[in-house]
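Visitor: Sending over a structure as structure tokens; questions will come in a sec.
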Amino acid sequence: MITFKEKTVTAVVLMVIAAIIVALSGCQNRSALGHIFESDVNADAQIYESGANAEAQINKLSTLYINRDMAVAQDLADMVDIAAYIVVGRYSRFDPTWNAANKMPEEDTERYTESRLYRFVVDEVLKGELADEDISVSLMYSTRRISIESDAKWDETGRITKEATVTNEVSFFVHEPLYIEPVPDTVYILFLYGTKDLDVYCPALEPASIIISPDGNASLLSNLIGMTDAYFEEVVQIDESRSVTVYTSAVSIEDWVSGQTFDSVRAQILARVALILE
């Protein structure tokens with residue numbers, strides 16, 4: 001389980017790099033309801049570094065903070081309002097992973113966001129219109145981050161006091177803290193957006209899934225439920241001798257679904273959709 005630990009970092013270097021985020025058309029996070037997370041396109045990640053290599057004088061990355069903006073629902077009505085498609089069904093199988101930083105079948109050798117494709121068999125459409133009852137759902141799994149380390153120096157205001165004469169590129173993958181592996185042959189209600197050019201659907205906001213138990217009880221799915229810290233934390237091993245600690249911003253939400261039945265949640269969704277269509 002990824003948790004956040006309160007930590008003080010003495011910043012001696014401030015570097016800004018372009019974040020390698022999902023740029024998939026139609027699978028970008030939509031308008032913000034709650035305030036969290038880095039925007040999926042043209043976002044910056046700030047790297048705060050402490051410590052340096054005494055021999056080479058290269059400031060080595062040790063800590064990465066990621067602050068993002070995305071749509072976060074505050075209740076079921078938000079989920080219904082934002083989603084273009086709401087479907088009931090089951091995940092049937094796992095398809096190969098793909099680079100969601102680009103549209104298929106193109107490959108981007110620099111930007112890479114691993115998304116996992118799952119086939120989802122639709123039993124009922126509660127909002128929107130689908131041409132197919134068997135759709136692909138893309139869930140972001142990890143993103144490659146690239147940092148250029150150097151011997152450049154900055155003062156406390158961020159002004160460069162010494163230009164770089166030596167550089168070193170560091171590449172590593174950061175797992176998506178909101179990813180939850182689907183359970184096959186289990187009933188879900190998904191809140192999705194679809195792409196214009198590809199037959200791929202993705203979560204419209206966070207949370208975007210409700211899981212239904214065999215006895216018909218509903219539960220909201222999100223790693224934000226009951227979150228007690230300001231960040232998710234992940235320690236990424238770069239090589240045998242060093243690692244980077246990654247902090248991804250988070251907010252806490254309540255589970256406003258658990259305790260209700262599938263029939264009750266379905267009725268609320270349909271009522272909200274009818275209100276939208278009036």
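Visitor: Where does each of 72, 122 land when they are ranked from fewest to most other beta-carbon atoms within 10 angstrom? Please list the in-between numbers first.
Guide: Values: 72 22, 122 16.
By the 10 Å Cβ count, ascending: 122, 72.
Visitor: As an exercise, use a Förster radius of 25 Å and the Cβ-Cβ distance of residue 229 and residue 258 to find the FRET efficiency, rounded to the nearest 0.05.
Guide: Numbers: r = 22 Å, r/R0 = 0.87.
Once the sixth-power term is evaluated, E becomes 0.70.
Visitor: Also: What is the gain in length, in nm to one decimal, between residue 270 and residue 156 on full extension, counting 0.36 nm per residue of separation less the C-alpha to C-alpha distance? It would help to have the intermediate numbers written out before the result.
Guide: Values: separation 114, 0.36 × 114 = 41.04 nm, distance 5.50 nm.
That pair, residue 270 and residue 156, stretches by 35.5 nm at full extension.
Visitor: Right, here's the next one. In whole Å, what is the distance between the alpha-carbon centres of the stretch 115-147 and the stretch 191-253?
Guide: Their Cα centres are 14 Å away from one another.
Visitor: Which of the GluC sites (Glu not before Pro) found in the stretch 111-179 are loop residues per DSSP with 15 or fewer other Cβ atoms within 10 Å of their Cβ? Mind dumping the intermediate values first?
Guide: On the way: sites: 114, 124, 129, 133, 149, 156, 163, 169; in loops: 129, 133, 156, 163.
Sparse-neighbourhood loop GluC sites (Glu not before Pro): 129, 133, 156, 163.
Visitor: If you don't mind, there's one more thing I want to ask. Are there trypsin sites (Lys or Arg not before Pro) in the stretch 138-239 that DSSP marks as loop and that have at most 11 other Cβ atoms within 10 Å, and which are they? Kindly include the intermediate steps, with their values, before the conclusion.
Guide: Working: sites: 144, 145, 153, 159, 162, 196; in loops: 159, 196.
For trypsin sites (Lys or Arg not before Pro) across the stretch 138-239 that sit outside H, G, I, E and B with at most 11 neighbouring Cβ atoms in 10 Å, the list reads 159, 196.
Visitor: Can I ask one more? Using 0.36 nm per residue, how much length does the chain from residue 74 to residue 185 gain when fully extended, once their Cα-Cα distance is taken away?
Guide: Details: separation 111, 0.36 × 111 = 39.96 nm, distance 2.82 nm.
Length gained between residue 74 and residue 185: 37.1 nm.
Any read-out appearing in this document is the output of simple, stated calculations on the displayed coordinates, not a laboratory observation. For clarity, every value in this text was computed on a predicted model and none was experimentally measured. Every residue, glycine among them, receives a Cβ derived from its backbone with ideal geometry; neighbour counts consider all protein chains shown.
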